[in-house]
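Q: Take a look at the following structure, please.
Read-outs: derived from the displayed coordinates by stated rules, not from any lab. This one's a predicted model, so the numbers in the text were calculated from it and none came from an experiment. Virtual Cβ from ideal backbone geometry, glycine too; neighbours counted across all protein chains shown.
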Amino acid sequence: MPLADHLRELRNRLMKSVLAVLVVTVVAMIYYKQIADFLMHPVRESVGCTKGFGEAAKEGETCAEITINGLIAPFTIMLKVALTTGVVIASPVWLYQLWGFLAPGLHKHEKRYARSFVAAGVPLFLAGACLAYVLLPKAAKTLLDFSPEGAGNLIPLDDFLDIVTRLVIVFGLAFELPLLLVLLNFGGILTGKRLLGWWRGMVVGITVFAAVATPTGDPLTMCALAAPIVLLYFGAVAICLFNDRRRGRANPYAGLDDDEAAPLDHTPETVGASESLPGPRSVTEPGAGNGTDEGGPANRNGYDDVT
């Protein structure tokens, strides 16, 4: 396809993805309060001031209250909640559109693999989002434990939703990394042996990414994000090594580059039994050397035909 056609295809895919997100966002606006309560419930249960700041301070406990500041803040919060819901719920659609844009550049058997990758990508993204939701209360309690004794905490709801949105998106996309590595391996771009050789750099890179990407910045959330990705990375390496082994059995030369010669087999083969062949008659035998065809080779100028 020409470049202009690729750009049109990309535009169409993006429009379909955005339309799906917008449809879910509009529906989420109707149930905005229920969704917001669902997002705040774990944190309220974990660090909420059920007894008030005064009673909690007397008992030596730290707690927080979620607040809304400003006149237009509730409307802004509604948009954030609805948009986050739209991105998460519409993930099957935009992941499928991403595959649809890449599919024309794949072979027939690679398209079959790509469908499986899309089917696995949605659960992985949702698993990352659920992990962020489960870890958020623990991260909030860990952070509030640094508060001075007797001090109260007010958590603006819009800031809280920003943290939730970033955690959900970051955790969801981070869980797609192993899937991307397997996709590159099945496409013949990366080998499992090379991925295994990168394990030290990958572990360090994943840890640095987790430290930068987590909005809370606490070690608990960073380790909670890095540890599953590292495990998924080694799981992806195992799948790649198995695929390379399977591909090697089917085609011994599959791992060679286009400009690399296939290896030659220099193992000597067993030589069979020799056969005896009749040799030419000597000039000294009867009839030889007489220049005739009777009895043996003719003699010309002192040499027989054999010579």
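Q: Which FRET efficiency, nearest 0.05, do Phe38 and Ala211 yield, Cβ-Cβ r, R0 30 Å?
A: 0.60
Q: When the Cα atoms of the range 157-237 are enclosed in a convex hull and the volume is divided per residue, what value in Å³ results?
A: 78
Q: Can you tell me the length gained on complete extension of the stretch Arg166 to Tyr133, counting 0.36 nm per residue apart and subtracting the Cα distance?
A: Contour length minus the Cα-Cα distance gives 10.8 nm.
Q: Here's another thing I want to ask about it. Note down the net charge around Ala73, summing +1 for each Lys or Arg and -1 for each Asp or Glu among other residues with Cβ under 14 Å from its Cβ.
A: -2
Q: At 0.36 nm per residue, and after removing the present C-alpha to C-alpha distance, how many nm does the segment from Ile30 to Asp145 gain when stretched out fully?
A: Stretched fully, the Ile30-Asp145 segment lengthens by 37.8 nm.
Q: Taking only the Cα atoms of the range 200-241, how large is their convex hull per residue, in Å³?
A: Taking only Cα atoms, the range 200-241 has a hull volume of 56 Å³ per residue.
Q: Something else now. Determine ³J(HN,Hα), in whole Hz, for all residues of the range 26-33 in sequence, where each value follows from phi through the Karplus function 6.51 cos²θ - 1.76 cosθ + 1.60 and θ = phi - 60°; x replaces Gly and Pro.
A: Working through the residues one at a time gives 5, 5, 5, 4, 5, 9, 4, 5 Hz.
Q: Could you list which residues have their amide H under 5 Å from that of Thr67, counting only those 5 or more apart in sequence or on another chain, with H placed in the peptide plane?
A: Residues meeting the criterion, in which the H sits 1.01 Å from N, are Ile155, Leu157.
Q: Tell me, what HN-Hα J-couplings in whole Hz come from the Karplus equation 6.51 cos²θ - 1.76 cosθ + 1.60 at θ = phi - 60° for each residue of the range 77-82, using x for Gly and Pro?
A: 5, 4, 5, 5, 5, 5
Q: Further question: When the chain is fully extended, how far beyond the present Cα-Cα distance does Lys193 get from Glu65, taking 0.36 nm per residue of separation?
A: Stretched fully, the Lys193-Glu65 segment lengthens by 40.9 nm.
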